[in-house]
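The values are calculated or read from the model by the stated rules, or taken from the named source; none is laboratory data. Being a predicted model, the structure only gives us computed values, none of them experimental. Backbone-built Cβ (ideal geometry, glycine too); neighbour counts: all protein chains shown. Note: accessible area is taken over every heavy atom of the protein model, side chains too, but ligands, DNA and RNA are not part of it. Shrake-Rupley method; radii C 1.70, N 1.55, O 1.52, S 1.80 Å.
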Amino acid sequence: MKNEKIKDLPVAIIGAGPIGLAAASQLAIRGQKFIIMEAGSEVAHNIRKWEHVRLFSPWQYNVDKAAKELLNRHDWIEPNKEGLPLGKDLLSDYLEPLAELPEIQPYLSLNSKVVSISRKRIDKMKNKDRENQPFVLYVENDKKTKRIEAKAVIDSTGTWGSPNPVNSEGIWTEDERLLHEHIYYGIPNVKDAQGFKYKGKRIAVVGGGHSALNTLIDLAKLKKSNPETEIFWIMRKRKVEEAYGGEQNDQLEARGLLGSHIHQLVNSGTIQVITPFYIQQVYQSEDGIILTGEREGGFEEIEIDEIIVNTGSRPDFSFLGELRLSIDQTTESVEALAPLIDPNVHSCGTVRPHGEKELRHAEKDFYIVGMKSYGRAPTFLMATGYEQVRSIAAYITGDIESALKVELVLPETGVCSISNSHISDENSCCGPVAQDANQSSCNKSDSGFTIPVKNSSSCCN
């Protein structure tokens with residue numbers, strides 16, 4: 001039986017992004033004490049790195065229900081439900097106002113990096129009375145480390161800060177790390193001052209998803225005004241056509257236009273495609289950067305000046321070493337989720353709804369949520385993360401029946417559906433990463449609840 005003093009402790013939330021703030025909102029409306037630790041100087045620190053990117057998903061699927069309830073108590077002006085926000089709109093019109101609410105702000109600590117978590121007075125090896133000991137979080141703030149006790153921990157740190165390397169075999173090398181001034185991981189704001197470094201340069205974009213497509217389109221605009229700029233698109237796909245998607249047949253107009261636009265740029269010679277190419281080494285030379293890899297059975301070297309990497313990301317477990325995690329060895333997702341989300345088998349359209357039960361670890365009352373709960377799988381939806389924390393908040397506060405229910409509702413044409421929208425000049429994505437879509441039918445959870453996705457569904461890659 002739990003110590004009564006533990007019951008009075010707060011729930012610790014790590015990360016003040018969309019999912020972390022949603023977790024705080026869900027706990028707030030249930031009257032549960034909580035604290036939020038955010039390593040950045042502002043909330044949603046990682047979103048600020050892609051604030052110039054437009055989401056595929058309309059506003060109605062980007063706002064958590066509990067967060068909306070809290071905002072409405074304070075005369076929030078809700079954005080147009082059908083509108084497609086940029087990352088900066090998500091910040092200014094939703095996440096920043098939410099973080100400033102009196103129900104949230106007093107319990108939010110910025111510039112607070114969690115460097116380790118354990119159980120009070122015991123380490124990972126100890127079994128006796130383990131579940132009756134509170135969690136202890138070691139938090140660095142202003143060059144000082146403090147200990148914070150909590151009854152439960154929700155890790156919503158995401159994966160954006162842990163990109164995959166350029167190496168096709170997933171290996172980080174010292175050569176790649178030494179080139180950090182010439183390698184950008186993510187979607188750079190080519191239209192801003194950041195774009196000056198790419199003018200007139202030989203640029204390699206690595207990756208075959210929609211993040212890469214957005215990057216390539218922006219670089220093509222740069223090349224139009226700076227013709228000496230060279231753009232190389234490097235992928236592992238068998239044929240470049242595999243990256244174009246449905247084009248005019250895509251049920252999401254903006255995404256279809258993205259594929260069609262890239263198709264035209266390739267056909268015109270604006271973008272030089274190198275695929276399949278398996279990068280094995282990257283290093284600095286006297287004249288630039290050399291990418292060495294295997295292509296069509298032989299080795300080839302490509303000389304460029306700058307690299308933009310759009311190859312996805314992976315979770316960081318470095319500060320969780322003293323906890324007993326249940327992590328799948330393949331996907332690096334929460335173990336019970338792995339067979340549900342494995343991208344070798346599933347798209348996000350065939351991932352059945354899930355909640356607290358599937359997110360449990362061997363370490364009781366510790367949860368990994370959001371994109372990080374999916375590990376390396378690229379099929380996470382922001383709306384799915386909101387449902388995860390709703391279920392966990394219900395469980396923590398003793399509402400077991402609600403925790404077991406699935407309350408995720410997506411539109412028939414997918415979470416990122418677009419009606420009569422045309423986006424040609426803006427970047428587009430579903431959340432902080434790119435998007436994919438596959439046919440699927442309704443999927444039923446073990447508890448009998450369904451998620452109504454009849455024709456297609458969309459996910460963040």
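A few notes on this one:
- Centroid-to-centroid separation of the stretch 97-133 and the stretch 37-83 [C-alpha atoms, Å]: 24 Å
- Measuring r between the beta carbons of N72 and N111 and using R0 = 41 Å, the FRET efficiency lands at 0.85.
- Computed from the Cβ-Cβ distance with R0 of 60 Å, the FRET efficiency linking E100 to D175 stands at 0.85.
- Rounded to 0.05, the FRET efficiency of the E51 and N132 pair, given R0 = 45 Å and the Cβ-Cβ distance, is 0.55.
- Neighbour cut-off at most 15 other Cβ (10 Å), DSSP loop, trypsin sites (Lys or Arg not before Pro), the stretch 52-141: R73, K81, K120, R121, K124, K126, K128
- Taking every Cα-Cα distance in the stretch 1-61 and sorting them into 5 Å bins from zero, the calculated P(r) comes out as 4, 15, 19, 19, 16, 13, 7, 4, 3, 1 percent.
- Using the 1.4 Å probe convention, the accessible area of the stretch 127-209 works out to 50 Å² per residue with neighbouring protein chains retained.
- For K33 and Q264, the difference between the fully extended length at 0.36 nm per residue and the C-alpha to C-alpha distance is 77.7 nm.
- Loop-resident sites, the stretch 160-201, for GluC sites (Glu not before Pro), counting at most 14 other Cβ within 10 Å (DSSP): E169, E181
- Inter-label distance, nm, simple model (7 Å from Cα along the C-beta direction), S285/K65: 5.8 nm
- Full-extension gain in nm, H182 to D399, via 0.36 nm per residue minus C-alpha separation: 73.0 nm
- Computed label-point distance, nm, for sites T330 and R236 using a 7 Å Cα→Cβ extension: 1.5 nm
- Of the trypsin sites (Lys or Arg not before Pro) in the stretch 134-223, those whose Cβ has at most 16 other Cβ within 10 Å and which sit in DSSP loop: K143, K191, K199
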